[in-house]
Every structure is written in structure tokens, then in C-alpha cells.
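Notes follow once the structure below has been shown.
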Amino acid sequence: MSDLQTVIGLEIHLQLKTKTKMFCSCAVNGQEAKANSSICPVCTSQPGALPVINKKAVELGAKVALAINCKIEPYSIFARKNYFYPDLPKSYQISQFKKPLALCGRIKIETSNGEKLISITRAHLEEDAGKSIHAIGSKTLDHTLIDLNRAGVPLLEIVSEPEINSPQEAYNYLVEMKKTIQWLEVSNCDMEKGELRCDVNVSLKAKEVKELGAKVEIKNLNSFKAVKDSLTYEIARQTEIINKGETILSDTRLWNDKEEKTFPMRSKEVANDYRYFPEPDLISLKFSDTDIQEIKNNLGELPHQKKVRFIEQYGLNNYDAGLMTANKILSSYFEDCVKLGGDSKISANLISTEVMGRLNAVKLEIKDCPLAPQHIAELAQLLKSGKISNAISKQVLDKIWEKPSSPKDLIEASGMSQVFDESQIRKWAKEALEKNP
């Protein structure tokens with residue numbers, strides 16, 4: 001068999017950070033809320049109840065779409081996606097199909113061969129389904145419970161083109177997408193709470209062939225690691241089938257974290273299976289050029305733009321600039337250090353190794369750091385001047401981490417600075433020899 005090429009496409013379902021649901025005024029409550037405590041005739045599909053579009057959700061969706069370089073469509077409509085499931089009270093989901101919110105985006109990711117652009121097919125708005133509960137705690141139920149608190153929560157689905165060619169690229173794509181979304185503060189992206197979900201489509205084909213192979217969808221992915229691991233397994237499974245001369249079935253499979261395998265769930269649906277048609281109870285969405293420009297103006301400096309600026313303005317290498325723009329708070333912390341007089345490269349090194357190392361050890365984030373940027377700036381100045389060594393800087397950090405104070409004051413009070421006076425060093429050496437003849 002000729003060399004096989006992996007072809008991967010990702011579908012991200014992003015919960016938008018709104019106070020109320022997509023088409024009604026019910027509050028968006030967390031997982032801790034009492035089951036079925038945030039529901040109404042609209043989100044439970046009672047006769048005569050009509051949906052109303054959440055303007056904030058539309059604005060947040062458009063914000064994400066522009067940040068990933070999509071083109072906002074001047075005219076888009078909602079559609080009914082028809083399927084039956086116990087946690088879908090209407091027996092259809094309000095989504096978008098032929099005329100989505102946005103099309104034709106792209107996002108840049110890091111790969112082993114440098115940077116790579118991944119195209120975005122579309123970004124569209126939809127409502128979430130309810131939640132089926134099969135267990136309470138460690139106890140498996142002999143029946144299924146339905147919680148409709150999540151039904152109607154606003155989602156943005158982002159669909160990539162099948163241009164991802166390895167599990168690591170898929171992982172990097174998700175990391176970059178999550179960073180951009182969190183930067184915009186439009187979602188918390190907490191996968192454990194279902195605020196960011198990802199479905200994977202993967203196929204294999206001969207490198208010289210243009211036509212894609214049979215597509216397999218993988219679900220039940222609750223972490224980026226699960227995405228990477230499931231793809232690694234599925235690629236190996238499909239490769240083995242092809243090498244045996246057998247046919248790969250186009251189906252939907254579930255990932256099992258414990259067994260580290262995918263298992264068949266059902267044959268894969270196509271768009272026709274859902275019988276999409278325009279939602280008759282909702283008006284269309286219209287964006288003028290002025291509307292779009294106003295949203296663009298409010299995006300601010302995005303992470304990839306800030307990364308480029310850090311390289312050009314502060315002389316950071318690509319790796320350090322990536323670390324310093326891992327999230328919005330961290331990038332501000334670093335830039336404050338530099339503005340307060342800290343050498344940019346030394347400050348970046350202190351933050352990435354010493355500060356983040358200590359925070360990671362106790363599972364805290366940069367927002368929880370006990371040290372202000374001023375402390376790191378002072379330490380960077382002392383290191384650059386040669387007044388302290390790297391070893392001494394670690395000792396200073398240990399002390400001020402427990403009790404934040406000025407590194408300069410601490411060093412002066414404790415005499416921890418390095419001594420370069422040759423006569424003083426000779427004097428100490430002579431005294432040492434006299435005491436130890």
C-alpha cells in the first residue's frame with residue numbers, strides 16, 4: 001500500500017458567555033444548579049411558545065468569527081435541525097445551515113515544520129440540547145434522567161476544513177482556538193463543564209489521491225489530550241484495516257478514556273438525515289458594514305498580533321513570545337514587568353520558569369500570583385546588572401514568594417548580592433586560610 005495521508009477536520013461547540021439562553025429569558029446556570037430549575041415554555045417547547053433571538057449571543061458569536069478571520073454574512077437565517085432524542089424537547093434543534101453567521105475563516109497554528117494556516121469552513125449559532133443523566137455520583141441508574149437547564153443555552157459551532165494532518169496539529173489547533181476565544185472573554189471554555197466540546201472527523205487516503213477516504217467521527221472527547229489520543233488510536237486502527245485490504249465503514253465512534261479505544265456508536269449521519277428547513281418563528285440576522293466594523297474595532301489586540309509585537313518590540317524569540325501570550329493576563333503581567341524597567345528577555349525567562357513553575361506546582365494561575373510585576377522587574381534589573389546570580393535570584397524568589405517585598409531591599413538587608421571587589425575577595429580568602437592553616 002502506498003503511503004497514507006491523515007486528513008482531520010474538527011467541529012468545536014462553544015458555549016457563549018451570556019446571562020440568558022439563546023431564545024428565551026431563562027438564566028444560564030452552572031452545573032451546580034438544581035435540575036430543571038431554569039426552564040420555561042420556550043425552552044421546553046410548550047404549545048404556542050415562540051422564541052426570541054438573544055442579541056448578546058449574536059454579538060459574541062460575531063466577535064469570535066471575526067477574530068478567526070471569518071467573513072460575517074450580511075444576511076443569515078436560523079434553521080430547524082430535526083432529530084429525536086429524549087433531551088431535545090422540541091424534537092428539533094434551532095441551528096443554522098445554508099446561510100450561517102460567518103464563512104471562510106483561518107487560524108494559524110504551530111507545527112513541527114513551522115507555522116501553518118488552517119481554514120475555517122463556517123461558524124454558526126445554535127442552541128444546546130438538554131442533558132441525559134445515566135448516573136448520580138458513582139451510582140449507575142437503571143433509568144435515564146433528563147435535565148433541561150442546558151436546553152437552549154447559546155452555542156457557536158466552528159467547523160474547520162479537513163486540512164489538519166496529524167493528532168499533534170489537531171491538538172495545537174484546539175489550543176490556539178481556545179486561547180483566542182478566552183482572550184476575547186466570550187466563553188470560559190471549561191471542557192469539564194461542557195463549555196467547549198469537540199467532535200473529530202478523520203479519514204485516511206493515499207497521498208497521490210485527491211478524493212478523501214471514508215470519514216469516521218469520534219465523540220465523547222472531554223479534553224484536548226483525549227482528542228490527540230483518540231486520533232492516534234483511530235489512525236492506527238484505520239491503517240491496519242486498509243493494509244488488510246478491508247473497507248473502512250463511515251460511522252460515528254465513542255472514545256473510551258480508560259480502554260484508550262474507540263467503539264462504534266452508529267452509522268454516520270449526513271445533512272439530509274436532519275431535514276433542515278428555515279425556522280419560521282425567527283427573523284433573519286442582518287449585518288451592515290458599519291455593524292461589522294464596530295465589532296472589529298472592539299476586538300482589541302489579539303494574541304497572534306501581540307505575539308508578533310513582542311518579537312519585534314521586545315526582541316523575544318518565537319518560543320518565548322508564544323509563552324508570554326499564552327493568555328491575556330499573563331501577557332499583561334509580562335508587559336507590565338518590562339514597562340517597570342525589567343529586561344524583556346530576563347523577565348520572560350523569570351516568568352516562564354520561576355513564576356509559572358511555582359504556580360503550576362500548586363495548581364494556581366498567573367492571576368493568583370503573590371508577586372506583583374514590580375517584584376519581577378526589580379529582580380530582572382539585579383540579574384542584568386550582575387549584582388545577583390541565577391542561584392541567588394532563586395533564593396530571593398523563595399523568600400519574597402512567602403512574604404512579598406522588594407528584592408532590592410531584601411538583598412541589601414541580607415547581604416545576598418555578589419561581590420566583585422578583588423581586594424575584598426583576597427581579604428576573605430586570606431582570613432579563611434589563616435583560620436584553616
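The values are calculated or read from the model by the stated rules, or taken from the named source; none is laboratory data. Note that the structure is a prediction, hence the values are computed from the model and not measured. In this analysis, Cβ positions are derived from the backbone assuming ideal geometry, glycine residues included, and neighbour counts consider all displayed protein chains.
Conditions tested, residue by residue: (1) over 19 Å from ILE411 (Cβ atoms); (2) in a helix (DSSP H, G or I); (3) at pLDDT 95 or above; (4) outside the structural domain of TYR319 (by TED's automatic domain parsing).
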{"residue": "PHE334", "(1), (2), (3), (4)": "yes, yes, yes, no"}
{"residue": "CYS337", "(1), (2), (3), (4)": "no, yes, yes, no"}
{"residue": "ALA348", "(1), (2), (3), (4)": "yes, yes, yes, no"}
{"residue": "GLY357", "(1), (2), (3), (4)": "yes, yes, no, no"}
{"residue": "LEU371", "(1), (2), (3), (4)": "no, no, no, no"}
{"residue": "GLN374", "(1), (2), (3), (4)": "no, yes, yes, no"}
{"residue": "ALA377", "(1), (2), (3), (4)": "no, yes, yes, no"}
{"residue": "LEU383", "(1), (2), (3), (4)": "no, yes, no, no"}
{"residue": "ALA391", "(1), (2), (3), (4)": "no, yes, no, no"}
*Specify which of the listed residues (GLU157, GLU169) is within 29 Å of LEU103 (Cα to Cα), touching a His at 6+ places or on another chain (Cβ under 7 Å), at pLDDT 90 or above and not aliphatic (A, V, I, L, M).*
GLU157
*From the residues in the stretch 79-120 that are in contact (Cβ under 8 Å) with a residue 40 or more places away in the chain, part of a strand (DSSP E or B) and over 22 Å from the mean Cα position of the chain (by Cα), which one is surrounded by the fewest Cβ atoms within 10 Å (Cβ to Cβ)?*
ASN82
*If you go through the stretch 198-236, how many residues are surrounded by fewer than 16 Cβ atoms within 10 Å (Cβ to Cβ), among the small types (Gly, Ala, Ser) and part of a helix (DSSP H, G or I)?*
1
*Which residue pairs have Cβ atoms under 9 Å apart, sit 6 or more places apart or on different chains, and have a first residue in the stretch 361-387 that is crowded, with 22+ Cβ neighbours inside 10 Å and among the β-branched types (Val, Ile, Thr) and a second that is in a loop (DSSP other than H, G, I, E, B) and modelled with pLDDT of 90 or more?*
ILE376/LEU340; ILE376/GLY342
_Which condition from (1) modelled with pLDDT of 95 or more; (2) of a type in the set (S, T, N, Q); (3) touching a strand residue (DSSP E or B) at 6+ places or on another chain (Cβ under 8 Å) is the one that THR239 breaks?_
(1)
*asked:* Contact list please: Cβ distance under 8 Å, first residue in the stretch 59-71 and assigned by TED's automatic domain parsing to the domain that holds ILE120, second residue in a helix (DSSP H, G or I) and acidic (Asp, Glu), pairs at least six apart or on different chains.
replied: none
_Among the residues listed as ALA170, ALA151, ALA123, ALA129, the single one being in contact (Cβ under 8 Å) with a residue 24 or more places away in the chain, touching a helix residue (DSSP H, G or I) at 6+ places or on another chain (Cβ under 9 Å) and under 30 Å from PHE23 (Cβ atoms)_ = ALA123
*asked:* Go through the stretch 156-200 and report how many residues are polar (S, T, N, Q), within 12 Å of the chain's Cα centre (by Cα) and more than 14 Å from ALA226 (Cα to Cα).
replied: 4
*State whether the residues of the stretch 212-219 include one that is closer than 22 Å to ALA57 by Cβ and either modelled with pLDDT of 95 or more or out of contact with any helix residue (DSSP H, G or I) (no Cβ under 9 Å at 6 or more places or on another chain) (or both).*
no
*In the stretch 143-154, which residue that is of a type outside the set (S, T, N, Q) and surrounded by fewer than 24 Cβ atoms within 10 Å (Cβ to Cβ) is nearest to the chain's Cα centre (by Cα)?*
ARG150
_Out of LEU299, LEU350, I need the residue that is in contact (Cβ under 8 Å) with a residue 40 or more places away in the chain and surrounded by fewer than 16 Cβ atoms within 10 Å (Cβ to Cβ). Which one?_
LEU299
*Sort through SER45, SER38 and tell me the only one that's assigned by TED's automatic domain parsing to the domain that holds VAL153, touching a strand residue (DSSP E or B) at 6+ places or on another chain (Cβ under 7 Å) and of a type in the set (Ser, Thr, Tyr).*
SER38
_Could you go through the stretch 164-176 and let me know if any residue there is in contact with a Cys (Cβ under 8 Å, 6 or more places away or on another chain) and either farther than 23 Å from LYS63 by Cα or assigned by TED's automatic domain parsing to the domain that holds SER203 (or both)._
yes
